[in-house]
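Single-structure report; data block below.
Every read-out reported here was derived from the displayed coordinates using simple, explicitly stated rules and does not represent laboratory data. Bear in mind the structure is a predicted one, so any value in this text is a computation, not a measurement. Cβ sites come from the backbone with ideal geometry, for glycine too, and all protein chains shown count toward neighbours.
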Amino acid sequence: MTTEQFTAVTVEPFGDSAVMVTVPHPEQAIRRTAIVAFRERFLAHRPPGVLDVVSGLESLLVEFDPLQTTLPHVEYAVRLLAERPPVHEPLRARTALRFAVPVVFDEETGPDLASVAEELGVAPTEVVEAIAESTFTIALLGAAMAPMMDGLRVPRPVRRRAEPRTDVAPGAIMIAGTNAIIQPFPGPTGWRVVGRTPYTIVDISRPEPVSFGTGDVVRFVPVTRDEAAALGADFLLPVAEVPV
């Protein structure tokens, strides 16, 4: 079954002014690919009254203005778009890019590093090694264009924090499950913070605020504090194209 053939979605109320959209399929790859494809379709045909669309790896949160529309109308629009036959249009080929992201891993930049190590039953240095040896692929761009990635190779999925942090610094490298994400701007998170890159991930002053996109490949490279200071807050750029 392809994602184009799979049109069923689950739509559930999320408070008084949002709905959560998911794809009920037993295969994780299908769920994730299908929700990304649906997001693009939804944004291209954004219904009136929709305020924001927040992407998750396997979900889509659709926030709406209850003064302009109602939950049944939004739910109907979601289901209608999911059932529309896909329109086959020529797509511009995009070559995947490769990124090497320098990261400082220590107690200050990675306040959750020790607890992740304890949870996995390994030393903190082994957690860093596992992250550095993992090859990540960007699955989608989340809130504030944060790159959400698959590919963390650890003995078992990492749990999220029981109590989310209220203010995480830009450049924070965070993990949960078998995924990783880079925090572009200060903000709260329930992901486990294990390090920080000195690089600027998102720069809204640039014509293109980010240099990466879905399908790009990321490796995290451990560096010392002195090495990070020498690098400065440069804008993250790719190091190469990924061979096809």
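A crude spin-label estimate for the pair Ile30 and Thr125, with each label 7 Å from Cα along the Cβ direction, gives 4.5 nm. Of the peptides 214-222, 192-200, the order by per-residue mean of other Cβ atoms within 10 Å, starting with the highest, comes out as 192-200, 214-222.
If I model region 119-244 as equal point scatterers sitting on the Cα atoms and use the Debye formula, what is log10 I(q)/I(0) at q = 0.11, 0.14, 0.15, 0.23 Å⁻¹? Log10 of I(q)/I(0), two decimals: -0.37, -0.62, -0.71, -1.66.
Across the chain, counting alpha-carbon atoms alone, Rg and Dmax equal 19.1, 56 Å. Descending by average beta-carbon neighbour count within 10 Å, the peptides 12-21, 161-170, 105-114 line up as 105-114, 12-21, 161-170, the highest first.
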